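Worksheet for the structure shown next.
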Amino acid sequence: MNSNEITREQLAGMIDHTFLKAYATKKDFEKLCGEARENGFAMVAINSYPVKMCKELLEGCKVHVGAAISFPLGQTTIDTKAFETEQAIKEGADEIDYVLNIGKLKMGDDEYIKKEMETIVGICRKAGVLSKVIFENCYLTKEEIKRAALIAKEVKPDFIKTSTGFGTSGATPEDVKLMKDTVGDEVKVKAAGGIRDWETCKKMIDAGAERIGTSNGVTICEEFSRQ
């Protein structure tokens, strides 16, 4: 998608409106869901515990509820990730963003990464919900990013995602382009982490991102409208 041709409605429909803080309260989720509903965002991105609450808050509108699984470290077993995924879907999650096992990828255990991805993507596919695989690129080499993307190209989650936003750095246009060039049209790319304004968001879209994870979605849409 070309950022110069995008409409405000299309931009809003690409945004995963995010609140993943440990201190989140019901008031925070009410605000998050209200903003998502008002702006027509794609999804609210939350941890798995408040899924049921947000599903109820968003009843009657098209905004999805997205659960972050094994967040933000990815250092839980495949069975644990599978259980958390199934529980989140049972409580109303429309989309799942899970963190892959970064250490296993760095050790070169691609079979483990593939098995993990097939397990979580399979659960999502069976339930009819979208799946996104978080790489956490700040800890990976370009070769490791490409390896993970090639596995995703084979397994076919709906999206691969740059970052949790809790690592040492977030999305970069270069990494988005590398991921998109590797998966082609087989898988979409979500950019997340450090995207706080329209100018940064624009670069991610032009690099190939089709979803944007940000806690600054309202600001980004307002800046877009003023340009």
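The values are calculated or read from the model by the stated rules, or taken from the named source; none is laboratory data. None of these values were measured; they are calculated from a predicted model. Don't worry about glycine lacking a Cβ; one is built from the backbone with ideal geometry, like all the others, and counts go over all protein chains shown. Side chains included, ligands, DNA and RNA excluded: accessible areas come from the protein's heavy atoms. Shrake-Rupley method; radii C 1.70, N 1.55, O 1.52, S 1.80 Å.
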Do you know which residues across region 176-205 are within 17 Å of the chain's Cα centre (by Cα) and either small (Gly, Ala, Ser) or in a strand (DSSP E or B) (or both)? Lys188, Val189, Lys190, Ala191, Ala192, Gly193, Gly194
Scan region 1-34 residue by residue and report those that are surrounded by fewer than 16 Cβ atoms within 10 Å (Cβ to Cβ) and either among the basic types (Lys, Arg) or over 18 Å from Cys201 (Cβ atoms) (or both). Arg8, Lys21, Ala22, Tyr23, Ala24, Thr25, Lys26, Lys27, Asp28, Glu30, Lys31, Gly34
Among the residues of region 176-195, which ones are open to solvent by 10 Å² or more (accessible area, probe 1.4 Å), touching a residue at least 24 places away in the same chain (Cβ under 8 Å) and more than 21 Å from Phe71 (Cα to Cα)? Lys177, Leu178, Lys180, Asp181, Thr182, Gly184, Glu186
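Which of the residues that make up region 14-44 are β-branched (Val, Ile, Thr) and more than 16 Å from the chain's Cα centre (by Cα)?
Scanning region 14-44 gives a single hit, Thr25.
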Only one residue in Glu118, Glu84, Glu111 is touching a strand residue (DSSP E or B) at 6+ places or on another chain (Cβ under 7 Å), open to solvent by 40 Å² or more (accessible area, probe 1.4 Å) and either in a helix (DSSP H, G or I) or in contact (Cβ under 8 Å) with a residue 60 or more places away in the chain (or both), so which one is that? Glu84
Filtering region 51-69 down to residues that are open to solvent by 10 Å² or more (accessible area, probe 1.4 Å), of a type outside the set (Asp, Glu) and assigned to a loop (DSSP other than H, G, I, E, B) yields Gly60, Cys61, Lys62, Val63
Can you confirm whether Glu143 is within 18 Å of Ser3 (Cα to Cα), free of Cβ contacts under 8 Å to residues at least 24 places away in the same chain and open to solvent by 20 Å² or more (accessible area, probe 1.4 Å)? no
